[in-house]
Amino acid sequence: MIRAFRCDLHMHTCLSPCAGLDMYPSALVGRAVAEKLDVIAICDHNASENVPHVIRAARGHALVVLPGMEITSREEVHLLALFDRMDFLQRLQDIVYSHLPGINDESRFGCQAIVNELDEVEGFNNRLLIGATEVALADLVRHVHDLGGIAIASHIDRESFSVISQLGFVDPEIPFDALEISGRTGLARARRKYPELANYPFLASSDAHRIEEIGKGFTEFFLEEPSVHELKMAFSGQAGRRIAGF
Ligand SMILES: [Zn+2]
Ligand SMILES: [Zn+2]
């Protein structure tokens, strides 16, 4: 049976240097449940070590956690990659780490904490997660698709790290599955602002870096079950799957 799922498919954890330390797995899950979200995706910058901990923290709750990552391309464009399975995300992680130079300067960029579902600090990631990979945007999208994931251009309405801010336009040669709009702009306003992008599915997410931001942007999807495969069907309006309001 197809039903509505409230999805916030872009949020960070305390692993991202720019996110709050209050974004540890159990707190994040608690807030997502309180915000009545059905599905969240964890998308830390160029990293994924906290994803399994958030998945475990969500056990026993009516909340589905999709494995994801927000990758920075060579052009400094942010790209969301979402998967159904952790092992495919792990394969993308291997590609990202082999093309991500630099060491984090904690005093400058922030702490990158790996925290488990019991709120225990398991360690710190010392890579330069705030930096850009050496992989071109088009190649990143290809890697995500090769691994069965979906590739969404992050916050296209923002003035930094978006495909429009960095490249000037949404390249039709790059097969994005959807374009993300910030919670602040919202889907209806974005449709008026970007008439030239009418052929792309839009979704809104919170891009939460602080606990109180979780659920401040979300998209309602009509799906049979919350999975990347079903989200893909909703993006193309297949077999009754769809995004609410479009
Ligand atoms: Zn971003
Ligand atoms: Zn983000």
* **Ellipsoid equivalent to the stretch 171-225 - semi-axes via the Cα gyration tensor, in Å** => 21, 15, 12
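Kirkwood Rh over alpha-carbon pairs of the stretch 43-176, then Stokes-Einstein at 4 °C and 1.567 mPa s: what D in µm² s⁻¹, rounded to an integer? Write out the running numbers ahead of the final one.
Values: Rh = 15.5 Å.
The Stokes-Einstein estimate is 84 µm²/s.
Taking only DSSP H segments of four or more residues, each worth -39500 (n - 2.57), what value at 222 nm results for the chain once the sum is divided by all its residues, to the nearest 500 deg cm²/dmol?
Values: 8 runs with 63 residues, N = 246.
That calculation yields -7000 deg cm²/dmol at 222 nm.
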* Place +1 on the Cβ of every Lys and Arg and -1 on the Cβ of every Asp and Glu in the chain, take the dipole about the Cα centre, and give the residue among Ala198, Ile95, Phe124 whose Cα lies farthest towards its positive end. => Ala198
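Going by average Cβ neighbours within 10 Å, how do the peptides 41-51, 232-242, 3-13 rank, with the highest at the top? Intermediate values should be presented prior to the final figure.
Details: 41-51: 25.5, 232-242: 16.4, 3-13: 23.2.
My ranking of the peptides, most packed first, is 41-51, 3-13, 232-242.
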* **Dimensions (Å) - the chain, Cα atoms, principal axes, largest first** => 44, 41, 31
* Asked: Straight-line reach from Lys193: which aspartates and glutamates have a Cα under 16 Å away, not including same-chain ones fewer than 8 places off?
  -> Asp157, Glu159, Glu180
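Among 150-158, 17-25, how do they line up from the highest to the lowest mean number of other beta-carbon atoms within 10 Å? Walk me through the numbers on the way to the answer.
Values: 150-158: 23.9, 17-25: 20.1.
Per-residue Cβ counts within 10 Å, averaged per peptide and sorted highest first, yield 150-158, 17-25.
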* Asked: Mind ordering 196-204, 215-223 by average Cβ neighbours within 10 Å, highest first?
  -> 215-223, 196-204
* **Overall Cα dimensions of the stretch 141-233 - principal axes, largest extent first, Å** => 35, 31, 24
* Structure fact -> Once the in-chain neighbours fewer than 8 apart are removed, the lysines whose Cα is under 16 Å from Lys216 read Lys36
* Determine the relative contact order of the stretch 24-147: mean sequence separation of Cα pairs under 8 Å and six or more apart, normalised by residue count, in whole percent. => 27 percent
* Asked: Quick one: Karplus J couplings for the stretch 207-219, per residue in order, coefficients 6.51, -1.76, 1.60, θ = phi - 60°, nearest Hz, x for Gly and Pro?
  -> 6, 4, 10, 10, 4, 6, 8, 4, x, 6, x, 7, 10
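How many percent of DSSP beta bridges within the chain run antiparallel, rounded to 5?
Numbers: 21 of 38 bridges.
Of all bridge pairs located within the chain, approximately 55 percent are antiparallel.
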* Charge dipole (debye, nearest 20) of the chain; +1 at Cβ of Lys and Arg, -1 at Cβ of Asp and Glu -> 780 debye
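Bear in mind that the values in this text are calculations on the coordinates, not laboratory data. Nothing here was measured: the structure is a model prediction, and the numbers come from that model. Because the Cβ atoms are built from the backbone with ideal geometry, glycine has one as well, and the counts that use them run over all protein chains shown.
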